[in-house]
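Novice: The structure that follows is given in the form of structure tokens.
The values are calculated or read from the model by the stated rules, or taken from the named source; none is laboratory data. Since this is a predicted model, take the numbers as computed values, not measurements. Just so you know, the surface numbers come from the protein's heavy atoms only, side chains and all, with ligands and any DNA or RNA stripped out. Shrake-Rupley method; radii C 1.70, N 1.55, O 1.52, S 1.80 Å.
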Amino acid sequence: MANVTIKQPVLDRKNFMFVDQKDTVLIKKPGELFGKNFKIKNLKNCKVYLLDHTTGIFVDDCDDCVFLIGPCNVSVFIITSNRCNVFIISKQLRFRDCYNMNIYGYVPSDPVIESSDNFQFAPYNYKFPKLQELFISAMFNPSENKIERIYDFCPKEGETHFKWISGILKIYNLDSEILDFKEFGENEFHYNNY
């Protein structure tokens, strides 16, 4: 019996990063990231859509951006970033040296902030095509969201570095025309358990 070797596709590292961009929309559609790590660095006033599952995401030096990050089954680490809105699904979520951030997340572990201030947290409230499939492939259980259990690595007596966004949250739909998707169909998903 002959050995059969299945050749893996050669992946170009440049396809797994968004670096040095300003005033633009950056998109990775379902099926483009293959569950690999992704790097985001030095973005200013950008909208970033990572609509596929990943293993890890590292974000550094981003200001005035919006991030919609699909399921990450290991960790998302965001450092030295300011005034960003982050819609995220991740097994672990950590921030260091970040300020004025709004975080809408699903995290089955306690999110961590370190040397950071003026954070607002709320449950994940975005949906896009194929999200439910990606959520399941990352093996997340929607009832295990611990976004409200923020751990502050650098607490100071009399100071609060974060707060909880209270009230009714709007559920956002991603503009499917941007992504060339026709309809959401039957696979709609949103997490709204609070």
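Novice: In whole Hz and in residue order, list the ³J(HN,Hα) couplings for region 83-95 that follow from phi through the Karplus curve 6.51 cos²θ - 1.76 cosθ + 1.60, θ = phi - 60°; x for Gly and Pro.
Specialist: Calculated HN-Hα couplings, in order: 6, 10, 9, 10, 9, 8, 10, 7, 5, 10, 9, 9, 10 Hz.
Novice: For each pair in Lys28/Lys156; Lys41/Lys163; Lys29/Lys163; Lys127/Lys156, compute the distance between the two Cα atoms and list the pairs where it is over 30 Å.
Specialist: Details: Lys28/Lys156 39 Å; Lys41/Lys163 26 Å; Lys29/Lys163 32 Å; Lys127/Lys156 36 Å.
Too far apart for the 30 Å limit: Lys28/Lys156; Lys29/Lys163; Lys127/Lys156.
Novice: Right, here's the next one. Under 5 Å between amide H atoms, partner at least 5 residues away or on a different chain: which partners does Thr54 have, H built in plane at 1.01 Å?
Specialist: Cys72, Asn73
Novice: Does region 83-128 come out rounded, prolate or oblate by the C-alpha gyration tensor, with a ≥ b ≥ c the root eigenvalues, rounded set by a/c under 1.5 and, if not, prolate when a/b is larger than b/c and oblate if not?
Specialist: On the way: a/c = 2.40, a/b = 1.36, b/c = 1.77.
Oblate, since a/c reaches 1.5 and b/c is not below a/b.
Novice: While we're on this one: Non-local amide H neighbours of Ile79 (under 5 Å, H modeled in plane, Pro and chain starts lacking H): which ones?
Specialist: Val59, Asp60, Asp61, Arg96
Novice: What full-extension length gain, to one decimal in nm, is calculated for Phe153 and Asn3 as 0.36 nm per residue of separation minus the Cα-Cα distance?
Specialist: On the way: separation 150, 0.36 × 150 = 54.00 nm, distance 5.23 nm.
My answer for the length gained is 48.8 nm.
Novice: Using Cα pairs closer than 8 Å and at least 6 residues apart in sequence, work out the relative contact order for region 32-144, in percent. Spell out each step's value before the answer.
Specialist: Details: 299 pairs, mean separation 21.1, N = 113.
Computed value for region 32-144: 19 percent relative contact order.
Novice: Follow-up. Could you do me a favour and compute the accessible area per residue for region 1-106, 1.4 Å probe, result in Å²?
Specialist: On the way: 5310 Å² over 106 residues.
Result: 50 Å² of accessible area for each residue.
Novice: For a quick check: with amide H placed at 1.01 Å from N, whose amide H comes under 5 Å from Phe87's, ignoring anything fewer than 5 positions away on the same chain?
Specialist: Those qualifying (amide H under 5 Å, at least 5 residues apart or on another chain) are Phe67, Leu68, Ile69, Tyr104.
Novice: Taking a temperature of 4 °C and a viscosity of 1.567 mPa s, what whole-number D in µm²/s does Stokes-Einstein yield for region 16-60 with Rh from Kirkwood over alpha carbon pairs? Working shown, then result.
Specialist: Details: Rh = 10.6 Å.
Answer from the Stokes-Einstein relation: 122 µm²/s.
Novice: Also, quick follow-up: Output ³J(HN,Hα) for region 55-63: one whole-Hz value per residue in order, computed from phi by the Karplus curve 6.51 cos²θ - 1.76 cosθ + 1.60 with θ = phi - 60°, and x for Gly and Pro.
Specialist: 8, x, 9, 10, 10, 9, 6, 10, 10
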